[in-house]
Amino acid sequence: MGRDKAEIVYAQLPQWRALEEILRPLCADVFWSCTPTQQAQWGIGDRAIVDVVAGHGPASGLYAAFTKTVQESITAWLVVGCDYPILETGDLQSLVHARSPDADAVVFIDEHKNEIEPMIALWEPSAQTQFLAAFARGEFSPRRILRSCKLKMIQPRDHSILSNRNTPS
């Protein structure tokens with residue numbers, strides 16, 4: 001793409017700020033997986049989670065976030081990639097409402113592709129533990145890692161919310 005997808009303005013705000021507005025009603029805190037440059041440019045201070053192991057795309061950000069959880073407190077993470085501009089608060093709220101004590105994670109299922117979407121998902125501590133173990137073994141695909149977890153799969157309100165900016169038009 002050649003530019004930072006989080007900085008693209010779809011309405012009035014850069015996508016990362018618009019996403020923060022969507023997440024704020026659902027989360028006690030909103031954190032950002034980012035580079036040191038983004039941390040400084042965005043002015044997010046201690047809400048930044050800077051990748052500690054670079055080079056693995058979204059898995060690097062998940063690793064940094066889940067490692068933070070292990071160090072500070074065990075909690076579920078509502079994970080949302082910065083490049084899903086059609087998402088609304090209600091979409092994410094459906095993941096939260098679908099939580100189940102017997103599921104490691106709650107994910108949307110893309111029935112057209114018969115695939116789960118790991119970058120719009122609620123990762124319980126048990127899924128995070130499995131992710132960290134797989135990452136340590138050299139597995140860097142969040143989707144493959146989540147497939148080995150006990151999942152609660154739900155339908156999105158509209159298939160289009162699962163289209164990210166990597167999806168061809």
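Miscellaneous remarks
- Residues in the stretch 81-88 carry Karplus couplings, in order, of x, 7, 10, 10, x, 8, 4, 10 Hz; the curve used is 6.51 cos²θ - 1.76 cosθ + 1.60 with θ = phi - 60°, and Gly or Pro positions show x.
- Whole-Hz couplings from phi, Karplus 6.51/-1.76/1.60, listed for the stretch 136-146; x for Gly and Pro: 4, 7, x, 8, 10, 9, x, 5, 5, 5, 5
- Computed lengthening from Ala98 to Ile154, 0.36 nm per intervening residue step minus Cα-Cα distance: 19.4 nm
- DSSP-defined beta bridges in the chain - what % are antiparallel, rounded to 5: 60
- Compactness relative to 2.2 N^0.38 Å, alpha carbon Rg of the chain: 0.98
- Counted by neighbouring Cβ atoms within 10 Å, the residues Asp104, Asp46 run from fewest to most as Asp46, Asp104.
- Near Met119: Cβ cut-off under 11 Å, other residues only, Lys/Arg at +1 and Asp/Glu at -1. The net charge is -1.
- Charge dipole (Cα centre; +1 on Lys/Arg Cβ, -1 on Asp/Glu Cβ; no other charges) of the stretch 5-162 amounts to roughly 280 debye.
- Contact order, relative form, for the chain: 21 percent (alpha carbon pairs under 8 Å, 6 or more residues apart, mean separation divided by residue count).
Just so you know, all these numbers are worked out from the coordinates, no wet-lab data involved. All figures in this text were calculated on a predicted structure; none of them were measured in a lab. FYI the Cβ positions are ideal-geometry reconstructions off the backbone, even for glycines, and counts take in every protein chain you see.
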